Structures are given as structure tokens and as C-alpha cells.
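Participant: Below you'll find the structure I mean.
The values are calculated or read from the model by the stated rules, or taken from the named source; none is laboratory data. Only a predicted model underlies this, so the values are computations on that prediction, with no experimental measurement involved. FYI the Cβ positions are ideal-geometry reconstructions off the backbone, even for glycines, and counts take in every protein chain you see.
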């Protein structure tokens, strides 16, 4: 069977809210591929907290001390490495070399598109969010601002209902109560990230496992505070909860940031 989806990222943008960015992310991968949970794993990037892909050395999701977050997803039909191509996990680390989303998106949009297989890259801080796309037939990387409201990314375009995973779950996320980082209530999003029912193939569920060992290997919930919240008297930091396995059966615990 051809495996099409590769990870899911859900992002809610509320520019005037004390928590303007809420993000949920499931990583889909061969479950035997070695990795290390989020931490400060790179001596040359001491300000970066990210999970580490122990095989290729990059990451699928990370956050830096400036409050910039980034996630990478493979595009349709581009699962796995290819001869002569760099690991897409490097792109998250390169994105996190910047202090804000606009500068990061601009820099990453200018890289050589021939160096990588197709990808979607989500880059966000507490004021802007960007989606960078490299498709199989593109001659350049395209950067799009992510609008206010809810966006879901998989191996296709933003909110692309031709992808059954997006069609299955976009309405549910839109109807769900948003997480409240201040009270610690992440219940509805946590349940959706761990949803195993779907229309069509089981791979169209938010969380799944296939007989060949490919499946949802970990999950994250992330919230970025507004400028006023982050720099107010309490100096509130981002909140990142991480589940080191399928989100329906693994406990989410705070990442030390």
C-alpha cells in the first residue's frame, strides 16, 4: 500500500488573544525509526528545543527562545529520503535560526528548491504565521501567510478537503473548544489528536498504526503567549506538551523550555 500522509499540523491563529497561537501536531513515521524527545540537543543551537531524529540528525518540530516555532511535513508522494537530496528535518533547525516568523519565512523561501524533496513547512511566532510549500513540479518555494482562524496541514495544501484526513477532522477542530493554557484544559484537542476513527482507510485517522510498522509516533500541543502576556509582569513562557507515543494512549507532559 502506498503511504500518503506524513504528519498533521493544526494551527489556530487568534491575533488579539492572550494566546494567539495554539498548535497541535502528530508525527507519522516508521515506528522503528530512532528519535529523542524534545530537548536542547544541538550545541551549536543552544536556544533551540526540539525533538531529534536520531537517524538524520534533524527534527520534525521545534521552538527557540525567541518564541518562534516550526514544523515540517512531507508533501504527497515524497515519503522518505532520495539520492542527492538533503534531509527535510534540517529545514526546521534553519527556520529556528531566526528571531521572528517573517524573517524566517523569507530566508527559507530563498533556499535552493532542488536540494530537498517536496515539503510543507509551518513557521509561526506570536504575531505572524507562514506556510512554505515546495511541490514536486515547482521551480521555487512559495511562502503564504497563514490567515486568522483554523488551518490544518498534512501532505497536501492548507485545509485541502481532497485529503480525507483534513475532510474528516477540520470540522471537528473548528467546532472544538480551544485549549486553555492558563487552566491546563487541552481536553478536546487532545482527544482529536488521538482520534482513530475515519472515513476511508485507517490511515486517514488522526492517529493510526499500519501492519508494516508505519504510524503515529508522537504528538505535541503548543501554545504561544502574546507579546503583552510574554513580557508582562509574570513573563509567561510558551507551553509545550509532548506525548512520546500515540496520543490516544500516551500521556502528554510539559517540555522543559
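Participant: For segment 69-86, check the following and say yes or no: at least one residue is under 27 Å from residue 230 (Cβ atoms), touching a strand residue (DSSP E or B) at 6+ places or on another chain (Cβ under 8 Å), assigned to a loop (DSSP other than H, G, I, E, B) and modelled with pLDDT of 95 or more.
Facilitator: No: segment 69-86 contains no residue that is under 27 Å from residue 230 (Cβ atoms), touching a strand residue (DSSP E or B) at 6+ places or on another chain (Cβ under 8 Å), assigned to a loop (DSSP other than H, G, I, E, B) and modelled with pLDDT of 95 or more.
Per-residue answers, yes or no, for (1) touching a strand residue (DSSP E or B) at 6+ places or on another chain (Cβ under 9 Å); (2) surrounded by 15 or more Cβ atoms within 10 Å (Cβ to Cβ):
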site	(1), (2)
223	yes, yes
229	no, yes
234	no, no
245	yes, yes
257	yes, yes
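Participant: If you don't mind, another one. Tell me yes or no: at least one residue of segment 169-180 is assigned to a loop (DSSP other than H, G, I, E, B), surrounded by 15 or more Cβ atoms within 10 Å (Cβ to Cβ) and without any contact (Cβ under 8 Å) to a residue 60 or more places away in the chain. Talk me through it step by step, then tell me what you get.
Facilitator: Of the residues in segment 169-180, the ones assigned to a loop (DSSP other than H, G, I, E, B) are 176-179.
Those left that are additionally surrounded by 15 or more Cβ atoms within 10 Å (Cβ to Cβ): 176, 178-179.
Restricting the remaining residues to those that are without any contact (Cβ under 8 Å) to a residue 60 or more places away in the chain gives 176.
Looking for residues that are assigned to a loop (DSSP other than H, G, I, E, B), surrounded by 15 or more Cβ atoms within 10 Å (Cβ to Cβ) and without any contact (Cβ under 8 Å) to a residue 60 or more places away in the chain, one finds at least one in segment 169-180, hence yes.
Participant: Condition first: assigned to a loop (DSSP other than H, G, I, E, B) and surrounded by 20 or more Cβ atoms within 10 Å (Cβ to Cβ). Now tell me which residues in segment 181-209 satisfy that.
Facilitator: In the first step, residues of segment 181-209 are kept if they are assigned to a loop (DSSP other than H, G, I, E, B); the result is 181-184, 186, 194-201, 205-208.
Residues satisfying the conditions are 181, 186, 194, 205, 206, 207, 208.
Participant: Given the options 121, 132, 108, name the one that is more than 23 Å from residue 208 (Cα to Cα), in a strand (DSSP E or B) and either in contact (Cβ under 8 Å) with a residue 24 or more places away in the chain or out of contact with any helix residue (DSSP H, G or I) (no Cβ under 7 Å at 6 or more places or on another chain) (or both).
Facilitator: On the way: 121 fails: more than 23 Å from residue 208 (Cα to Cα); 108 fails: in a strand (DSSP E or B).
The conditions single out 132.
Participant: So, one more: Please specify each residue of segment 135-168 satisfying the condition of being farther than 28 Å from residue 106 by Cβ, part of a loop (DSSP other than H, G, I, E, B) and modelled with pLDDT under 95. Break it down into steps so the answer makes sense when it comes.
Facilitator: Filtering segment 135-168 down to residues farther than 28 Å from residue 106 by Cβ leaves 161-162, 164-165, 167-168.
Narrowing further to those that are part of a loop (DSSP other than H, G, I, E, B): 161-162.
Listed by number, the list holds a single entry, 162.
Participant: How many residues does segment 210-257 hold that are out of contact with any helix residue (DSSP H, G or I) (no Cβ under 7 Å at 6 or more places or on another chain) and either in a strand (DSSP E or B) or closer than 12 Å to residue 38 by Cα (or both)?
Facilitator: Matching residues across segment 210-257 total 20.
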